[in-house]
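The values are calculated or read from the model by the stated rules, or taken from the named source; none is laboratory data. These numbers were taken from a predicted model, which means no experiment stands behind them. Every residue, glycine among them, receives a Cβ derived from its backbone with ideal geometry; neighbour counts consider all protein chains shown. The area values use the complete protein model at the heavy-atom level, side chains included, leaving out ligands, DNA and RNA. Shrake-Rupley method; radii C 1.70, N 1.55, O 1.52, S 1.80 Å.
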Amino acid sequence: MSPRAPRLVVVGLSHRSAPIEVRERYELSGGRRREFIDRVLSGDTIDECVVLSTCNRTECYAVGSDPGAVTRVLRRELERTAGERPAAAGHGEVDRAASGPDGAHIFEHAGFDVVRHLYRVTAGLDSLVIGEAQIQGQVSSAYHRSEEHAVGPALHRLFQSALAAGGRVRSNTSISAGAASIPSAAVDLARKVFGTLRDRSVMVVGTGEMGRLTVSCLRSEGVGRVFVASRHQGRAERVGRELEGIPVSRAAVWERIGAIDLVVTATDASSAFMTARRLAEVRDDGRPTVILDIAVPRNVEETVSQLPGVFLYNIDDLQRVVDQTLEARLVENEGAEAIIAYHAGKFWSWYRGRSATAAIRVLREEAHALLGAELAPMLERGPRDFDRVEGLRLASEALLNKILHGPTRALRRLAEESGFDDELRDAIERRPRSVGRSAPSRIADEGPG
């Protein structure tokens, strides 16, 4: 009797099931990922494994004949991973609870739920920001980085089809269109003023995370020189290196701002330091200037927007752009889910059809063995005519293949449409004890040569 058909399992945790202080302890990248895969493949339980690890999720996709045993191995190794990483400062109690025997933050799926989950993840439907484009590349990287011995036919087909489906979602819907974050909204608004941002000059006043992210987004659009201003020279130099920018002092802002195309203000000042009067003194009215004030409290006086050629956007303006984008993406969600359902169903039909392969092979072997057993006594009587023997054998096998064609197609269709449980497969694979195994080979041996 052949081994049980392989089963799909995913075990992991994501932004939906665990906070960041828990997720960071389960992170698997580089050497940690390779060690994890080697450990889970070292026994007889798991045949294939791919690990997807990002800032928002760590998910282990695996194939094995016993889904319960596969789940236990993956949970055990994930808990071991969490136990090897020290708790972050201030999060010890949460982490100890998460790495306990109950694994409260860890989710698990089996069978078709694995397929649907990976397809939704790849399409960005399970992301923190719906339609996120980056996850497609992360899934592709996880699949391609997996060691050759870790990916077999099931996971190979699963990840290939998930990536194809994710691409179709993005090409056939607007699920990833528009700006879905404050930095990307800032870029969108700047493009509305300038068109292309290539070679535009940028000044960021303040060295906080949001300002750095905004400038990073602008960098990806091909902006030119970037100036980084801070009250602390050391901080300006450090962030300047990070952004490939030029550090300047806060006092030097007014010396340069007249020739700057894009200004990003993101300081923790308690009141607006950029006033209409001061800005009017240093800038040329003939050139457009975009000011992105992403600070709270605001760094830029509201009356600045009244200056000729000045386009001022604050955090609320940017948030409105983000909200409109997310609202539009939710409208696209239904179409994206329909694409996912269609392609996941196609994969699942293929996957279930594989479960009939072993049974069909055994059925055909048994039929040919029965044919050989019936032919052998007839061929042993009378003088040997090798041409007659070979002709009779070939004709009989051709007829048998025609007879088996219909039943084998029906078995495969049954597996694809309604599943192929182990009891039914065992019934088909059960070998008649009275049939010997030597007859077919003996007939073949009687041929020429």
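Side notes on the structure shown:
- In terms of the mean number of neighbouring beta-carbon atoms within 10 Å, the peptides 136-144, 19-27 order highest first as 19-27, 136-144.
- Estimated vicinal HN-Hα couplings, Hz - region 22-36 in sequence order (Karplus 6.51, -1.76, 1.60; Gly, Pro = x): 8, 4, 5, 7, 9, 4, 10, 9, x, x, 5, 5, 4, 5, 4
- Sorting Glu221, Glu365, Glu59, Glu281 by accessible area puts them as Glu281, Glu365, Glu221, Glu59; the probe is 1.4 Å, largest comes first, and only protein heavy atoms count.
- Each peptide in 268-275, 40-47 gets a packing score, the mean of other Cβ atoms within 10 Å over its residues, and the list from highest to lowest is 40-47, 268-275.
- Accessible area of region 1-82 belonging to carbon and sulfur atoms, whole % at 1.4 Å probe: 48 percent
- Taking 7 Å steps out from each Cα toward its Cβ at Asn401 and Asp113 produces label points 4.4 nm apart.
- Note, ³J(HN,Hα) from phi for region 400-405, Karplus 6.51, -1.76, 1.60, rounded to Hz, x at Gly and Pro: 5, 4, 5, 5, 7, 4
- Long-range HN-HN contacts of Val264 with modeled amide H, under 5 Å: Met203, Val204, Val205, Leu292
- For region 250-315, the share of accessible area belonging to carbon and sulfur comes to 48 percent (1.4 Å probe, ligands and nucleic acids excluded).
- Segments 68-74, 367-373 sorted - mean Cβ within 10 Å per residue, highest first: 68-74, 367-373
- Two-site label geometry, Arg409 and Gln306: point separation in nm, points 7 Å out along Cα→Cβ: 8.2 nm
- With the simple model of a label 7 Å out from the Cα in the direction of the Cβ, Arg198 to Arg145 spans 3.2 nm.
- For Val310, the residues 5 or more places off, or on other chains, whose built amide H falls under 5 Å of its own are Thr289.
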